[in-house]
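Before any comments, here is the structure.
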Amino acid sequence: MPALKLVRTLKTENLIWEYWEDQEGKVFVRKRLPDLPSDTAVSILREQGFPEKYLEPIERGTLRSTVPLKGEEVPIEAFEIARKWAKEKFPLSLLLLGSVGTGKTQAVVTAAWWLLKKRKIATARFYSAMELRAAFDKGELQKDIKEVDLLVIDDLGREYRSDYNAYIVEALITTRYDLQKPVCITANITFEEIANRYTPRVLDRLREWAYRRIVKQNFSLRGILQGR
Ligand SMILES: Nc1ncnc2c1ncn2[C@@H]1O[C@H](COP(=O)(O)OP(=O)(O)OP(=O)(O)O)[C@@H](O)[C@H]1O
Ligand SMILES: [Mg+2]
C-alpha cells in the first residue's frame, strides 16, 4: 500500500475529518469519532471487573514506562509489549507470559483502556483465571465469550487443575477463535505447561491467532516500586 500523509484535520463537534494524500496527490477522506474521554474509559472498565488496583494509576496518571534500577531508568518490558500489541497487532489476540511481578496485569489493563479510548473496542471484560469457573456455572462467561469485544484472562494456569476447568478454557479459546474476537491472556506458566494443561487445540489456536511474547525481565517490580 502506498504511503499516505495526513495533510489536514478538521474537527466538528462529534466527528474528526482527516484528509490523507498519497504520493500522486490523490486525497482520501477519513471520518472518525474523537477519542473517548479517559475517565469515561476507566469507568467502563471499572464496571466490567477490571481491578481497582490497576485502574488507579491510570486515573491518577502515575503509570510508568520505566523503573529505576541500579541508577538507570530501565523500560518495563511488559508495558512495551502490551503497547505494541494494542497499537500495531490488535485485533490479533495477546498471550503475555512472564514471571511474577513483571507488570503483566498492569500492562494489559492499560492496553484495554487505550483500545477503549481509541474506540477500537466498545466493550471489554476482565476475569482472573480463578473466577472463570464461577462465571461459567452462572452462565455469565458464555455470554461474555460470545459478546464482548475484548476478553482479558489474567493469570491463566492459576485456576485449580481439573478436567472441568481445562474444558472451560478450551471452550473459551475455541469459541473466541471461531468468532475471531480477540482475547488477552497473561500467565506465569510456559508454552509447554499450557500445552500440558489444556488440549492441543488451545495452544494451536493461540499460535496462529495471538501475538505471543515472553517477558524476559528478571526482577519483580513489586520489590522496586514498593517503599518509594
Ligand atoms: N507501568 C507501571 N507503572 C506503575 N506501576 C506498575 C506498572 N506496572 C506494574 N506496576 C506495579 O508493579 C507491581 C507488579 O505489577 P503487576 O501486578 O502488573 O505484575 P504481574 O506481572 O501481573 O505479576 P503477577 O505475575 O504476580 O500477577 C504492581 O504493584 C503494579 O501496580
Ligand atoms: Mg498479574
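The values are calculated or read from the model by the stated rules, or taken from the named source; none is laboratory data. Since we're looking at a predicted model, the values are computed, not measured. Positions of Cβ are generated from backbone atoms using ideal geometry, with glycine treated the same way; all protein chains shown enter the neighbour counts.
Remarks
- Any chance V148 is β-branched (V, I, T), away from ligand 2 (no atom under 16 Å from the Cβ) and either in the same structural domain as T190 (by TED's automatic domain parsing) or surrounded by fewer than 23 Cβ atoms within 10 Å (Cβ to Cβ) (or both): yes
- Per the conditions (1) outside the structural domain of K117 (by TED's automatic domain parsing); (2) surrounded by 13 or more Cβ atoms within 10 Å (Cβ to Cβ), the sole criterion not satisfied by L6 is (2).
- Yes/no for A124 being crowded, with 22+ Cβ neighbours inside 10 Å, over 20 Å from Q217 (Cβ atoms) and more than 16 Å from ligand 1 (Cβ to nearest atom): yes
- The residue pairs whose first member lies in the range 120-142 and is of a type in the set (D, E), whose second member is in a helix (DSSP H, G or I), and whose beta carbons are closer than 9 Å, counting only pairs six or more residues apart or on different chains, are E131/L141; E140/A134.
- The condition (being touching a Cys at 6+ places or on another chain (Cβ under 8 Å) and in the same structural domain as K87 (by TED's automatic domain parsing)) is satisfied by just one residue among V108, V169, V183: V108.
- Considering the range 75-100, the residues that are within 12 Å of ligand 1 (Cβ to nearest atom) and more than 25 Å from A195 (Cβ to Cβ) include one that is surrounded by the most Cβ atoms within 10 Å (Cβ to Cβ), namely F79.
- Filtered residues of the range 131-158 (kept if among the charged types (D, E, K, R) and either part of a helix (DSSP H, G or I) or over 20 Å from the mean Cα position of the chain (by Cα) (or both)): E131, R133, D137, K138, E140, K143, D144, K146, E147
- Verdict on E170 being outside any loop (DSSP other than H, G, I, E, B), within 12 Å of ligand 1 (Cβ to nearest atom) and not β-branched (V, I, T): no
- Flag if L69 is surrounded by fewer than 23 Cβ atoms within 10 Å (Cβ to Cβ), modelled with pLDDT under 95 and more than 12 Å from ligand 1 (Cβ to nearest atom): yes
- A78 within 16 Å of ligand 2 (Cβ to nearest atom) and touching a Lys or Arg at 6+ places or on another chain (Cβ under 7 Å): yes
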